[in-house]
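The values are calculated or read from the model by the stated rules, or taken from the named source; none is laboratory data. Here the structure is a predicted model, which is why all the values come from computation and not from measurement. Counting neighbours? That spans all protein chains shown, and the Cβs are built from the backbone with ideal geometry, glycine included.
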Amino acid sequence: MRKILFIAISVLLLGIAAYFAFVYYVPFSEGYRSGELIKFSRKGVLVKTWEGEISQGISGAQIFKFSVQDSEQEVIEKLKQFQGQYVKVTYKERYATFFWLGDTKYFIIEVVQEKSPHFNR
């Protein structure tokens, strides 16, 4: 009986570990988005995460919400600096997220400032 219980618990723990590894390391998609960086903040009650929004149109009808992991310090500093400006971000979309990583499935891995196609600044 102990052997069966040990095998069942081992299989369960291995399955949970495989799920977490799959969600964390296997991206659903990778891509780019451009727009005006309208919000970037650190929020949360128990676990603080970096969250932001990019407006992808003049009227703000299309909002791209994203998260940034704490390990991406260079990206965080650039996003703080580019607040209110037109940016192009590179992101990874995951199948799911964990509450300690961020609120969205979209995680920014690179950001560059771009010239706005709408206004000459």
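List of remarks:
- Flag if Q69 is in contact (Cβ under 8 Å) with a residue 12 or more places away in the chain and closer than 18 Å to V23 by Cβ: yes
- For segment 89-114, the candidate set comprises residues that are basic (K, R) and assigned to a strand (DSSP E or B); within that set, the residue that is farthest from Q73 (Cα to Cα) is R94.
- Yes/no for S10 being surrounded by 12 or more Cβ atoms within 10 Å (Cβ to Cβ), small (G, A, S), at pLDDT 90 or above and over 14 Å from the mean Cα position of the chain (by Cα): no
- Candidates are the residues of segment 56-72 that are surrounded by 13 or more Cβ atoms within 10 Å (Cβ to Cβ) and of a type in the set (V, I, T); the one that is modelled with the lowest pLDDT is I63.
- Segment 73-121, subset exposed (fewer than 13 other Cβ atoms within 10 Å of the Cβ) and aliphatic (A, V, I, L, M), residue farthest from the chain's Cα centre (by Cα): V112
- Selection from segment 13-40 of residues that are of a type in the set (S, T, Y) and touching a strand residue (DSSP E or B) at 6+ places or on another chain (Cβ under 6 Å): S29, Y32, S34
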